[in-house]
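Every number in this text was worked out from the coordinates using simple rules, so none of it is lab data. Please read these numbers as outputs of a predicted model, since none were measured by experiment. Positions of Cβ are backbone-derived with ideal geometry, glycine not excepted, and every protein chain shown enters the neighbour counts.
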Amino acid sequence: MTGAAMAELTIEYVGGPTAVIEAAGLRLLTDPTFDGPGEHPVGSRSLTKTAGPALAPDAVGPVDAVLLSHDQHPDNLDTSGRAFLARAPLVLSTEAARDRLGDPVRALPAGEWAELPRPDGGTLRITGVPAQHGPDGSESLVGQVTGFLLTGQGVPTVYVSGDNASLDVVRSIADTHGPVDVAVLFAGAARTPLVPDAYLTLTSEQAAEAARILGARQVVPLHFEHWGHFTQGRQTLLDAFATAGDGVRGTLRLLEPGERLTL
């Protein structure tokens, strides 16, 4: 971590894209997905969930905000996740999610930020950053997606990618905000018939390259398992980071469901 008085950061992996991030006394939840295994309709198609969460919503407990990368796909927001949103004091997401879901969702376009008061009297800034859920030109098919950047005095800088498939987007974030202390990367190399010839999220190799671009000191992958449309997973992540160059090799923190990591 950068800085001599850097506060602890903890990440607890719930499953899929869902994790609890605790920083400076605040608790944030990424993309709530708490339903059990089964078929989850999306338009005329369906996505298959292969495993339930390690923690139920009640076990997660109260949070200060939800970081919702997008609302239109059930692998990022399912039925139980929507119920969780109704109890959250604040949900930060896309303008489209705000239009569809209403309160307590607040739109956080790229470059804008929200500041949450910390128990120590400081603030945690959450900035919206770009995300591209597929190849160039695919937004009309997949819809709006966003990522997030967490910053604050004495707090590790954390990048949460959301469902992003573009290293060019990562480069733009690194140019503006880098380097980062922790990169939380959605990295399952998702593929569906909606965009049959391209990945909708980072591959394992791209995740390792994203870590290099960002100068990330620690990398915590999410959204690489528990759904049938992922084409890569735990082993490909281990392989990609094991063969990555200096500065990336050794940064991977691959959590088991339910595991809590302190950084």
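Structure notes:
- Using a Gaussian network model of the chain in which every pair of alpha carbons under 10 angstrom is joined by a spring, one finds that among G121, G137, G233 the greatest mean-square fluctuation is at G121.
- Alpha-carbon centroids, segment 189-232 and segment 25-45: separation in whole Å: 17
- Over segment 104-258, relative contact order from alpha-carbon pairs under 8 Å, at least 6 apart, %: 17
- Here the Kirkwood formula puts the hydrodynamic radius of segment 5-88 at 13.3 Å, using every distinct Cα pair.
- Euclidean distance between Cα centres, segment 57-114 to segment 146-184, Å: 19
- The GluC sites (Glu not before Pro) of segment 79-180 meeting both criteria, a DSSP state outside H, G, I, E and B (loop) and at most 13 other C-beta atoms within 10 angstrom of the site's C-beta, are E112.
- Counted over the chain, the DSSP beta bridges are approximately 65% antiparallel.
- Beta bridges by DSSP in segment 76-161, antiparallel share as percent, to the nearest 5: 85
- Between A216, A242, A107, the Gaussian network model of the chain with springs among Cα atoms under 10 angstrom shows the greatest mean-square fluctuation at A242.
- Qualifying GluC sites (Glu not before Pro) for segment 1-60 [loop in DSSP, other Cβ within 10 Å: at most 13]: E8
- Taking a ≥ b ≥ c as the square roots of the eigenvalues of the Cα gyration tensor, segment 1-54 is prolate, since a/c reaches 1.5 or more and a/b is larger than b/c.
- Among (i) 0.93; (ii) 1.06; (iii) 1.12, the entry that matches Rg/Rh (Cα atoms, Kirkwood Rh) as calculated here: (i)
- Two-site FRET efficiency, S140 against D120, from Cβ-Cβ distance with R₀ of 45 Å, rounded to 0.05: 0.55
- Residue with peak Gaussian network fluctuation, the chain [Cα springs, cutoff 10 Å], from V169, V160, V14: V169
- Around G152: net Lys/Arg minus Asp/Glu count, Cβ-Cβ under 12 Å: -1
- Whether segment 72-140 is rounded, prolate or oblate, judged on the alpha carbon gyration tensor where a/c under 1.5 counts as rounded: oblate
- Fully extended contour minus Cα-Cα distance, from V42 to D239, at 0.36 nm per residue: 67.7 nm
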